[in-house]
1. Beyond a 23 Å Cα-Cα separation, which of these cross-linked pairs lie in this structure: LYS77/LYS416; LYS143/LYS182; LYS301/LYS416?
2. Rounded, prolate or oblate: which fits region 102-227 when a ≥ b ≥ c are the square roots of the eigenvalues of the alpha-carbon gyration tensor, with rounded for a/c under 1.5 and prolate only if a/b beats b/c?
3. If the chain between ARG338 and THR398 were fully stretched, how many nm would it gain, using 0.36 nm times the residue separation less the Cα-Cα distance?
4. Counting only other residues whose beta carbon sits under 11 Å from that of GLU294, what net charge do I get with K and R as +1, D and E as -1?
5. What is the total of Lys pairs in region 225-300 with C-alpha atoms under 21 Å apart, excluding same-chain pairs fewer than 8 positions apart?
6. Round to a whole number: what % of the accessible area of region 113-228 belongs to carbon and sulfur, probe 1.4 Å?
7. Using a 1.4 Å probe on the protein heavy atoms, what percent of the accessible area of region 337-383 belongs to carbon and sulfur?
8. Please report how far the C-alpha centroid of region 193-216 lies from that of region 412-447, rounded to the nearest whole angstrom.
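The values are calculated or read from the model by the stated rules, or taken from the named source; none is laboratory data. These numbers were taken from a predicted model, which means no experiment stands behind them. Positions of Cβ are backbone-derived with ideal geometry, glycine not excepted, and every protein chain shown enters the neighbour counts. Only protein heavy atoms, including side chains, enter the accessible area calculation; ligands, DNA and RNA are left aside. Shrake-Rupley method; radii C 1.70, N 1.55, O 1.52, S 1.80 Å.
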Amino acid sequence: MAQHRLCVILSALAPFLLFQFYFLHKLTDGKDATERIAYQLGTTFDSVIIQPSKVSIKPVEEDRPLPFSWSACLLIKDNNIILPEWLAYHYTVLPLRRLIVAVDPSSDTDPQSIFDMYGNIGMNITVWRNHSYWIDGGQSHEKKDWHPSKEEKQQEYFYRYGHDRLVYHQKIFYTQCLRTLKSENRTWTMIIDTDEYLAFNYYDPKEGPTTWCENNSTCNEEYLATIRSGAHFRAKLNQSATAAEFIAKNVHQKVPSGVNPRLASVDDKFDNPDEPCIVLSRFLIGSKDIDKSEIQRGVDKGFDARNFHTLRFRYRGLYPQVAKCIVDASRSPRFMIRGPHRLYKRQCTGGNAHVHNAAMSFRIHHYIGSWETWRLRGGKEQFNERNRFKMGAVVDHTTPQFSSPENLTWLSQFVKLVGKEKALDLTQRIRLREEWEAERNLLKLNKIIS
């Protein structure tokens, strides 16, 4: 009888296991996933989950790099696989040192151990849980303890109410976060998600004509002339410096009278007292792989570039998505924000959430990511649909870099900052463990369903 039940269970599991095997075979060039993870962790299969860090890290106070450090407000739900890269990248490139996080109460995973590790290298992280920051609104779905009515539970209404609650949740959290950072006199702050990265807005010849010069060849040629001559501020971007160092060089710089700001040699948006919020273009980065030797270039030995979305994926969409913002929290108003794509009506640059990409020093990259990270939040059909979003025109090789002349990646710079073993602990080793844990949970879930 027991043997018969086992056969039934295995038969039910077979389609799922075959799919998982096929996917992991493609991902790992034929290696079994557990073998790949164990190999990269330098351990055996049985000790994947419990292998301790090789480097002991003593708690330290918040690191205070010059000329200033960045802050961020981050909503998170079951993002442990991609979270370490997000933290390490922005720790290096910005540099990010202050973070306020709201963990969704419905999360199945807890990111606290990851935050503790980054706190030990000087990142000041506050974690808000259980909607402790919530302010009740006037609508039923805006209440902290929302219990949908019979009408609200109906399918045609529930999506609307659920979406409206999500938007209200974002508004409440970002407002409370910015108020807290303002009270700490923090300055530049990112309002983005864990699959989004702040990147230098390097010019690419394939990006097409500037949006403000549409159907005007004379206008576009005038802009291109400033790029070719090196006069435009986009041509002066220097990725061997941090984003904070770039901003510090442009603060108090003014565009000469009579010069079009879009053609100027300086970016004067960073100290405008009336507009502490800057709206940035956001581009979708697809999941199409390029040659492995290309993504591995400039990556330190022991790191696999396929474990880092910012190194692995380079193809970005032709047209920007709705924008995201950075804001100087010390100058931000205290009233509630309008939404994450344009925080304030009058205190943000531009007229709406769709801005001219060629007129700014930074942009946001929105990564679809790999299938192993996407499948935790969506299905294959949605994953494929995202990747059909006019990809392949622009191949971005600038985001992985930290120093172009030395051909270093941001990851190499992170290694310089914290040491190789610690960098491995803080990025790749966390990801592989979380990836394995997710794989194990999927198998458990499938067993329960079967």
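1. Over 23 Å apart, Cα to Cα: LYS77/LYS416; LYS143/LYS182.
2. Note, shape of region 102-227 comes out oblate.
3. Net length gain for the segment: 18.4 nm.
4. Details: positive: LYS292, ARG297, ARG312, ARG314; negative: ASP289, ASP291.
Here the charged neighbours net out to +2.
5. 5
6. Details: 2850 of 6030 Å².
Answer for region 113-228: carbon and sulfur cover 47 percent of the accessible area.
7. Working: 870 of 1840 Å².
Reported share for carbon and sulfur atoms: 47 percent.
8. 32
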